[in-house]
1. Using alpha-carbon pairs under 8 Å, 6+ residues apart, how would you state the relative contact order of the chain in percent?
2. Place a label point 7 angstrom from the Cα of N39 along the Cα-to-Cβ direction, then list the residues of region 52-73 whose backbone nitrogen is under 16 Å away.
3. Which is the longest part of the chain that has none of the GluC sites (Glu not before Pro) sitting in a DSSP loop with at most 13 other Cβ atoms within 10 Å?
4. So what is the diffusion coefficient of region 3-103 in µm² per second by Stokes-Einstein at 10 °C and 1.306 mPa s, using a Kirkwood Rh over Cα pairs?
5. Give, in nm to one decimal, the length gained when the segment between E90 and N14 is fully stretched (0.36 nm per residue of separation minus the Cα-Cα distance).
6. Less than 16 Å from a label point 7 Å out along the Cα-to-Cβ axis of K49: which backbone N atoms in region 13-29 qualify, by residue?
7. What's the local net charge at I13, with K and R +1, D and E -1, over the other residues with C-beta under 13 Å away?
8. After finding the eigenvalues of the alpha carbon gyration tensor for region 22-80, what semi-axes result from the square roots of 5 times each, listed largest first in whole Å?
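Derivation of every value follows stated rules applied to the coordinates shown; laboratory data play no part. The model shown is predicted, which means the values in this text are computed figures rather than measured ones. No Cβ is skipped: glycine too gets one built from the backbone with ideal geometry, and neighbour counts run over all protein chains shown.
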Amino acid sequence: MDQQTKELIESNINTNEVCLFMKGTPDAPECGFSMAVANMLKILEVNFKSVNVLSDQNIREGIKMFSEWPTVPQLYVKKEFVGGCDIVKEMFENGELKKLFEDKQIKYKK
């Protein structure tokens, strides 16, 4: 991945408490897994930044190298990689996602 792509990815992660790299946008997702994660964040009413990896091939491939995670979506909370759809879904269902937001002092619907 080139330096410009790396800096763009880091900038999105570093300047947004909750950042979701996804296919499409929260209002027009282009992948069921991306839609699922965006919807979980919407249900919890968490403010989050979404990055549409389909709009930039460098970001689409770069985020996978950056996280060493092979798939999108990817959720970051306060600069920490949380995981993809399966992990976030499990955390959502068992309450760990709410606990993570509490621990990181991120506002969400209780």
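1. Value for the chain: 32 percent.
2. Of the residues in region 52-73, 73 have backbone N under 16 Å from the label point off N39.
3. In the chain, the maximal stretch lacking such sites is 69-110.
4. Working: Rh = 13.4 Å.
D, rounded to a whole number, is 119 µm²/s.
5. Result for the pair: 24.9 nm of gain on full extension.
6. Those under the cut-off are 13-22, 26.
7. Details: positive: K6, K49, K78, K79; negative: E7, E10, E17, E80.
Taking every Cβ under 13 Å from that of I13, the sum is 0.
8. Calculated on Cα positions only, the semi-axes equal 18, 14, 9 Å.
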